[in-house]
1. Are there any pairs with C-beta distances below 7 angstrom linking a residue in the stretch 8-22 that is assigned to a loop (DSSP other than H, G, I, E, B) to a residue that is β-branched (Val, Ile, Thr), with the two at least 6 apart or on different chains, and if so which?
2. For a quick check of your reading of the model, give me the residue pairs whose first member lies in the stretch 60-76 and is within 18 Å of ILE226 (Cβ to Cβ) and among the polar types (S, T, N, Q), whose second is at pLDDT below 80 and in a loop (DSSP other than H, G, I, E, B), with beta-carbon atoms closer than 6 Å and at least 6 apart or on different chains.
3. Please go through the stretch 49-78 and pick out each residue that is surrounded by fewer than 23 Cβ atoms within 10 Å (Cβ to Cβ) and in a loop (DSSP other than H, G, I, E, B).
4. Any idea which of ARG214, ARG257 is under 15 Å from VAL53 (Cβ atoms) and among the basic types (Lys, Arg)?
5. Only one of (1) open to solvent by 20 Å² or more (accessible area, probe 1.4 Å); (2) modelled with pLDDT under 80 fails for PHE85. Which number is that?
6. Looking at the structure I just gave you, is LEU39 farther than 26 Å from GLY133 by Cβ, open to solvent by 60 Å² or more (accessible area, probe 1.4 Å) and either out of contact with any strand residue (DSSP E or B) (no Cβ under 6 Å at 6 or more places or on another chain) or among the small types (Gly, Ala, Ser) (or both)?
7. Which condition from (1) at positive phi; (2) within 22 Å of the chain's Cα centre (by Cα) is the one that VAL10 breaks?
8. What is the one condition in (1) over 16 Å from the mean Cα position of the chain (by Cα); (2) surrounded by fewer than 22 Cβ atoms within 10 Å (Cβ to Cβ); (3) closer than 27 Å to ALA3 by Cβ that LEU199 does not satisfy?
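The values are calculated or read from the model by the stated rules, or taken from the named source; none is laboratory data. Just so we're clear, the structure is a prediction, and the values are computed from it rather than from any experiment. All Cβ positions, glycine included, derive from the backbone under ideal geometry; neighbour counts span all protein chains shown. Calculation scope for accessible area: heavy atoms of the full protein, side chains included, ligands and nucleic acids excluded. Shrake-Rupley method; radii C 1.70, N 1.55, O 1.52, S 1.80 Å.
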Amino acid sequence: MLALIVLAAVALIAVACFMTLGAKGSWSFIIPFRGRKLLALCLVAYSVAISTVLFQTVTNNRILTPSIMGFDALYVLLKTGIVFFLGAGALTGIDPQLQFGIEIIVMVVLSGLLFRWLFLGEERSLTLLVLVGIVFGILFRSLSQFMQRLLDPNAFQVLQDTFFASFATVDTTLLLISTSIVAVVSLAALRLGHTLDVLSLGRAQAINLGIDYRRVVVILLMLVSILVAVSTALVGPITFFGLLVASLAHSLVGTSRHRHVLPAAALLAIICLVGGQTVLERLFAFDTALSIIIGFLGGIVFIILVLRRAAR
């Protein structure tokens, strides 16, 4: 609880700095303008953190994340397919809300099929899961690169801008529908909250303790798919961000109980995104991208976790 209180205080400080530092002009303009960006950052942070912790609970593994299992490559493939079949004008010509809805539906369906095959059958080894994730990632990237080579250079330039997470150019018109979706998913996950600690014990133990394993896992995987789809469609792929905040949350709270880990991961994600964006905007004047820093740090954490598990 002390760790959660400290994290909440740091998150509030990050939010206050984001809203006030460097503010010039009328507050009636600054508050709504920065408030919309703040809401988008918090929404993405919350979605990535919660989805990663839930995914690790279902897989009973703290190394795997939806991104590592090929979700980001699926997003790139979807964007590439839109430009390849419909033209570059489709990215800007299609109504943003319609495009957002299509992306979420396609990613949820495809990722749901992938996760269902991987995690509802017999228990599989970590090596197999990582290899399957790598193979699917390579497949999606290969298909994307094949279509990209056939594109007009101008169309490819338009497409390339969507491949990197951008926290400064979030489409604020999508915030209402995104917030509604995340709220519904959160309520559904809350109703299954009593089963999460039991699921983290493993499949056999969960079944022995009376959990309807298949039903609960299917529901949780669909909720994870929706959360990741929303965050990815809003800002783009963030490969190692979820792994970074989930690992830090487990280390800071010193327990595996989800009523502590979930809020800690969400608060850490908000601190990283809001605080990081504030530093980039006020100190570095956008000279670098936040997604690059997050990917670098998250990659280091991933390597450390793999080496630590290998040492054991």
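1. As it stands, the answer is LEU21/THR278, since those pairs meet every condition given.
2. Listed by first residue and then by second, the contacts come to SER67/THR239.
3. Once the filter is applied, which keeps residues that are surrounded by fewer than 23 Cβ atoms within 10 Å (Cβ to Cβ) and in a loop (DSSP other than H, G, I, E, B), the stretch 49-78 yields ASN60, ASN61, ARG62, ILE63, LEU64, ILE68.
4. Details: ARG214 fails: under 15 Å from VAL53 (Cβ atoms).
Result: ARG257 is the single residue among ARG214, ARG257 that is under 15 Å from VAL53 (Cβ atoms) and among the basic types (Lys, Arg).
5. Here PHE85 meets the rest and fails (2).
6. So LEU39 fits the description; yes.
7. Every condition holds for VAL10 apart from (1).
8. Condition (2) is where LEU199 drops out.
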